[in-house]
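Data first, discussion second: the structure below is written as structure tokens.
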Amino acid sequence: MKNFIEELLRVNDKFEENTKKGMSDINIFEALGVEYKENYHSKFIAYLIDPHGDHYQEFFANEFLKKLGRYTKAGKFKNLTAHDIERVETEACVKDNRRIDILISLKDKRYIIIENKLYAKDQPNQLKDYIKYIREKGKNIDDFHENILTIYLHKNEDTEPSKYSLGTRNGFKINDDLIYDSNDKKMSFYLKMDYKWIKEWINACIGVCENKVKNNEIDKKFKNDMQNVIFTLNQYKNILEWYVTDEYVARDYVLNFLKESKENLKNTKALYRYTKNKSDFKDVDNDKYKKAKEIVREKWDEICEELVNDFFNELEKEFEKERTICDEKWFGYKLDEKRVNYDWFDFYPKIYEDDNDVWPSVGVFFGKGDYDNFGLTFKMNYNEDKNKYEECLKCFQNSNIRNDNIRRSGDHYYYDVFENFNFKEKYAFAYWLINNHGNWMVEFSKILREFLDKNTIKDVLKKINNELKPNK
């Protein structure tokens, strides 16, 4: 502990020295809290592509379309320029209040559909409905599929649209660079895109701006405008590197030091939780102890937040491919609404992957304010068929019955009494993350298995499967 505190104080001195010299990771997107919000990413991307926006510049669209032409095999979407764009929309309304994230309408009835998936789960028939809607615009045109390019933008390089999105019944399918309907009719060209692709486009735009300045192509009275453009693009590029493509290490040396190993995290936890009287601190100078404790308290909430984000990122990676737990195959995904009293992560049985409007899931919950009250929920979900959803709720026990330490609350079961850890004390979930750092997936799988192995959960899942009869 003594060596840890000495090193912490040294790292903190270096950090404070550099901040006085001007070091900063300031970012307007992060300050506004929109770094994880899919619709804000869509809006900013669309804003740049739109040559009619009040940035007054066409090179954003030109660089996007030039890069697009190199990647797509769709002949009508090569050699495009900003002058080919008629309109760029976000949340373009289709039918039944469905909305295309970004819709680019080109001259000669050509359309680019961009479905942006940062954290949200695919919705039923999503891409199928979007393509069918655009097809109606050219139903009397032969080979109209050549006029549609559907782009699936996902933060993960190898994630493709699910069968759920392509259509649950009589669904579409992707083969190479084309999307076909259930009768093998060509419906649209297809391109998979990730956020590294977007970052490369942003980089190209920055390069264009910098060359314009370097080559004195910018009028003196507009140089500040161009510097603002460069600054804004770099701000967005930083957000992509920090939160989406995971390519950037923030320069908060203190935070990085506190998190860099399990031993450092445990020492950090001890400093945060305990007074000088604890035996760990008996050889530590009192003034140095006070300074170190002050540093840790200042960084504590940020440490907790980063650990939680790291945990759920790792959990999503682990359950991106099916995992078998208690004889059932499960998938998992992060939820995009990190709100108080809502689940942060959902698991659902593989048998509900493709063709169901109603499905059961297991949610991971904790109280964000103090990182306590960790628990798991078993709940029902639905998109349209509320009647079937309500029939499934009848499979649950009455709310006044409590078995296996599981209680019912409204439309879900809730479980927070675990065999090997008390998750109810303040910062309990953060302490669990620190104690099990480097072994999260193994230990969390035990918690999930403990829950799924309860007779209450096994019985309700069996009844729901019998009620819904999902494809297997």
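Brief remarks follow.
- Packing order of peptides 308-316, 146-154, highest average first: 146-154, 308-316 (average count of other Cβ atoms within 10 Å over each peptide's residues).
- Sulfur and carbon atoms: percent of accessible area, region 181-302 [1.4 Å]: 42 percent
- The calculated 222 nm mean residue ellipticity attributable to helices in the chain amounts to -13000 deg cm²/dmol, summing -39500 (n - 2.57) over DSSP H runs of n ≥ 4 and dividing by all residues.
- Rounded accessible area of Phe44 (nearest 10 Å², 1.4 Å probe): 30 Å²
- Residues Lys291 and Arg70, FRET efficiency given R0 of 60 Å [Cβ-Cβ distance, rounded to 0.05]: 0.65
- Separation between Cα centres of region 1-60 and region 360-399, rounded to whole Å: 36 Å
- Lysines with Cα under 23 Å of Lys276, excluding same-chain neighbours fewer than 8 positions away: Lys2, Lys259, Lys262, Lys266, Lys288, Lys290, Lys291, Lys293, Lys299, Lys426
- Listed by chain and number, the lysines whose C-alpha is less than 28 Å from the C-alpha of Lys214, apart from same-chain residues fewer than 8 away, are Lys21, Lys66, Lys67, Lys196, Lys199, Lys223, Lys237.
- In loop segments of region 47-110 as defined by DSSP, the chymotrypsin sites (Phe, Trp or Tyr not before Pro) with at most 16 further C-beta atoms inside 10 Å of their C-beta are Tyr56.
- Using the 1.4 Å probe convention, the accessible area of region 232-354 works out to 50 Å² per residue with neighbouring protein chains retained.
- Positive end of the dipole of the chain (Cβ unit charges, origin at the Cα centre): among Ile114, Cys304, Ala61, the Cα lying farthest that way belongs to Cys304.
- The structure shown yields volume of the Cα convex hull per residue in Å³, and of the options (1) 211; (2) 165; (3) 145 that calculated value carries the label (2).
- Packing-based ranking, highest mean first, of 263-275, 169-181 given that Cβ atoms within 10 Å are counted: 263-275, 169-181
- Accessible solvent surface per residue of region 45-197, calculated while the other protein chains remain in place, 1.4 angstrom probe, Å²: 46 Å²
The values are calculated or read from the model by the stated rules, or taken from the named source; none is laboratory data. Only a predicted model underlies this, so the values are computations on that prediction, with no experimental measurement involved. Virtual Cβ from ideal backbone geometry, glycine too; neighbours counted across all protein chains shown. Note: accessible area is taken over every heavy atom of the protein model, side chains too, but ligands, DNA and RNA are not part of it. Shrake-Rupley method; radii C 1.70, N 1.55, O 1.52, S 1.80 Å.
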